[in-house]
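The values are calculated or read from the model by the stated rules, or taken from the named source; none is laboratory data. Keep in mind the model is a prediction, meaning the values are calculated, not measured. Counting neighbours? That spans all protein chains shown, and the Cβs are built from the backbone with ideal geometry, glycine included.
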């Protein structure tokens, strides 16, 4: 299995527009709505993200849904060529896997898990097809 690549960090926030304004002010960069490295249709967010392009790793602000995600939740976003292998390795390392969901809007699968140390990961697989 090829190692997954860190491509984005997801921050779940209660007030997306206000938070984005603060981040724009201190980062000096405006967010974009659509970025191919970041899932637009996140199963545990209340809407699409605003994405700050910060070099190799993007910062994605998602509105929290207040059921699964809450203000302050953070997840590391990985891309993987073999999503089942990464999810299996995570489970073998003691991770709690979130329920599988249908592919997101662009046809890619998203796997989500939390390790015993309480760190969350989102793993974006390749487009099915």
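Observations, loosely collected:
- Test: residue 67 is within 22 Å of residue 14 (Cα to Cα) and more than 10 Å from the chain's Cα centre (by Cα): yes
- Residue check, residue 46 modelled with pLDDT of 95 or more and either under 12 Å from residue 110 (Cα atoms) or touching a strand residue (DSSP E or B) at 6+ places or on another chain (Cβ under 8 Å) (or both): yes
- Residue check for residue 13: free of Cβ contacts under 8 Å to residues at least 60 places away in the same chain and either closer than 24 Å to residue 98 by Cβ or touching a helix residue (DSSP H, G or I) at 6+ places or on another chain (Cβ under 8 Å) (or both): yes
- Selected residue (criterion: farthest from residue 70 (Cα to Cα)) from residues of the range 6-22 that are touching a strand residue (DSSP E or B) at 6+ places or on another chain (Cβ under 7 Å) and in a helix (DSSP H, G or I): 20
- The single condition among (1) assigned to a loop (DSSP other than H, G, I, E, B); (2) farther than 21 Å from residue 5 by Cα that residue 25 does not satisfy is (1).
- Single condition residue 105 does not satisfy, out of (1) modelled with pLDDT under 95; (2) farther than 18 Å from residue 36 by Cα: (2)
- Selection within the range 24-42: residues that are touching a strand residue (DSSP E or B) at 6+ places or on another chain (Cβ under 7 Å) and under 22 Å from residue 121 (Cβ atoms). The member of this set that is surrounded by the fewest Cβ atoms within 10 Å (Cβ to Cβ) is 37.
- Hits in the range 120-129 - residues which are surrounded by fewer than 12 Cβ atoms within 10 Å (Cβ to Cβ) and at pLDDT 90 or above: none
- Subset of the range 47-64 [over 15 Å from residue 36 (Cβ atoms) and either surrounded by fewer than 16 Cβ atoms within 10 Å (Cβ to Cβ) or without any contact (Cβ under 8 Å) to a residue 12 or more places away in the chain (or both)]: 47, 54, 55
- Of all residue pairs spaced 6 or more apart or on separate chains, those with beta-carbon atoms under 7 Å, a first member in the range 92-119 that is at positive phi and loosely packed, with under 15 Cβ neighbours inside 10 Å and a second member that is at pLDDT 95 or above and in a loop (DSSP other than H, G, I, E, B) are 94/115; 94/116.
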